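Notes to accompany the following structure.
The values are calculated or read from the model by the stated rules, or taken from the named source; none is laboratory data. All values derive from a computational prediction rather than experimental measurement. Positions of Cβ are generated from backbone atoms using ideal geometry, with glycine treated the same way; all protein chains shown enter the neighbour counts.
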Amino acid sequence: MRMETETIAAIATGMTEAGIGIVRVSGDDAMNAVDSIFKFSGEKKQLSKQLSSVRSHTIHHGYIVDENEEILDEVMVTVMKAPNSYTGENTVEINCHGGPFVLRRVLEEVLKKNVRLAEPGEFTKRAFLNGKMDLSRAEAVMDLIQSRNEWARKASVKQLRGSLAEIIKRERSEIINEIAFIESALDDPENYSLVGYPEKLFGKVENWEKEIKQLIDSADCGRLLKEGIDTVILGKPNVGKSSLLNLMTGEDRAIVTEMAGTTRDVLQESVLLHGISLNLMDTAGIRSTEDAVEKIGVKKARNLAKNADLILYVVDVSVPLDENDREILSLISSENTILLLNKSDLNAMVEEKDIREMIAEANLPQGDHICVIKTCTLNHTGMEELEQKILEMFFLGKIRNDDEVTITNLRHKEALEDVCFSFNNVKKSIEDQLPEDFFSIDLMGAYATLGTVIGEEVGEDLVNEIFSKFCMGK
Ligand SMILES: Nc1nc2c(ncn2[C@@H]2O[C@H](COP(=O)(O)OP(=O)(O)OP(=O)(O)O)[C@@H](O)[C@H]2O)c(=O)[nH]1
Ligand SMILES: [Mg+2]
């Protein structure tokens, strides 16, 4: 792939007030460009020194000035020369004071020096194009930045250190060996025998397939861990849904009143549960209503229920079950629901057996598996049991130990599913006793698709698409 030489710059840190903010410049002309707006501190140095002549990986104190020599900020400038930098190019990082306005002004001055604004992810894209990292590692950089919990951070760091790429590279080299063997044997049958070979290959393909399937299996669990479990709180009006959200977030986020129909819009909050994120959504109580606003809220709640990873169905035990509960039962499935018998401090009009009867009447597949927990959001009863149940439901036996490689990226998952498809074709060809060149065709397919994960067989379009999702300055 072509080397990019244009010099680019961007603000690499967040645009909020902070102690330090960094303007990053990368490309052939990085040092020259910054030289023309940077003054070393100390008079002697000002005359004699240039950033382009300092040693690589050194840091220098000084000032950024505009055309009129007016000082914009007092800064520390780090110089990293090609190829020993993140991008593999000459890189200068200007450590400014971290105000958004100051940073923008310094960036503006840099951009006047024949430097253009970097696109999102362009620094990392250059690192990839310059061979500093494979694609799966570049993607891990973004995942790491976006990680919202300890688990996601660990998974990204592992991938960043190349663990996924290692597996992929090893399988690819094993596959290419087999292809080479088949081709040689077909060309030169006198010296290479294919007797008994299909059986041997079958075993190898099964092993590769097993390893790839394990990675695919880790993806669903990985997605939930990385992005959080989309959790919808569902129930009739006034049962305590908003109280539950407030209790779980530890904040008074939702309005709670004794009036039915208080919540009308969806309220979303993120909650961390033993290092795992829940995207908790409080919804309008489900009931048939003539109120136009509430109607919209109920519709939204129904839609959210359809795509939820987890539904917390809240029932108020002090009020008899009715048609609205029947409707809610039609929105849930037994795999994704935990039923909470709330207001357990009050006189119970509803017992667990009543709701179980209604579930049975609703003919919900495996309805008897639904877990029922007694809660009281006023005195916090049942919360530990609820947390425990959520962890069990999603991660029991599924959270892998720290050494195992987990994939969290949808692109990787889809590619690996294609790889398994190719492996299956090879196995089928072997079983159907087809000629050996059929094996190589699908092995080649698997080899190429594996390559896309680490970026060895990807077109420019895909590369651009992947990096465009990055944040600015990375
Ligand atoms: N006794 C008792 N009261 C509760 C409990 N949980 C909530 N409440 C009360 O029930 C009323 C309704 O609570 P909310 O949390 O607003 O209920 P909601 O389901 O969000 O109601 P809508 O938004 O109207 O659908 C409030 O007065 C709460 O204080 C509980 O466990 N016990
Ligand atoms: Mg509410």
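Among the conditions (1) assigned to a strand (DSSP E or B); (2) closer than 30 Å to Leu135 by Cα, Asp73 misses just one, which is (2).
Return yes or no: is Asn379 more than 16 Å from ligand 2 (Cβ to nearest atom) and surrounded by 14 or more Cβ atoms within 10 Å (Cβ to Cβ)? In short, no.
Picking from residues in segment 266-290 that are more than 22 Å from Lys389 (Cβ to Cβ) and either in contact with a Ser or Thr (Cβ under 8 Å, 6 or more places away or on another chain) or surrounded by 13 or more Cβ atoms within 10 Å (Cβ to Cβ) (or both), the one that is modelled with the lowest pLDDT is Thr289. Of the residues examined, Gly297 is not one that is within 11 Å of ligand 1 (Cβ to nearest atom), more than 30 Å from Leu434 (Cβ to Cβ) and assigned to a loop (DSSP other than H, G, I, E, B). Which count do you get for residues in segment 442-474 that are assigned to a helix (DSSP H, G or I) and modelled with pLDDT under 90? The qualifying residues number 9. From the set of residues in segment 293-322 that are of a type in the set (Asp, Glu) and under 15 Å from Ala260 (Cβ atoms), which is surrounded by the most Cβ atoms within 10 Å (Cβ to Cβ)? Within segment 293-322, the match that is surrounded by the most Cβ atoms within 10 Å (Cβ to Cβ) is Asp316. Scan segment 225-255 for residues that are assigned to a loop (DSSP other than H, G, I, E, B) and either crowded, with 24+ Cβ neighbours inside 10 Å or within 13 Å of ligand 2 (Cβ to nearest atom) (or both) and the total you get is 9.
Of the residues making up segment 272-292, one or more are in a loop (DSSP other than H, G, I, E, B), more than 13 Å from ligand 2 (Cβ to nearest atom) and under 28 Å from the mean Cα position of the chain (by Cα). Looking across segment 2-19 at every residue that is within 19 Å of Asn90 (Cβ to Cβ) and part of a loop (DSSP other than H, G, I, E, B), the one that is modelled with the highest pLDDT is identified as Thr7.
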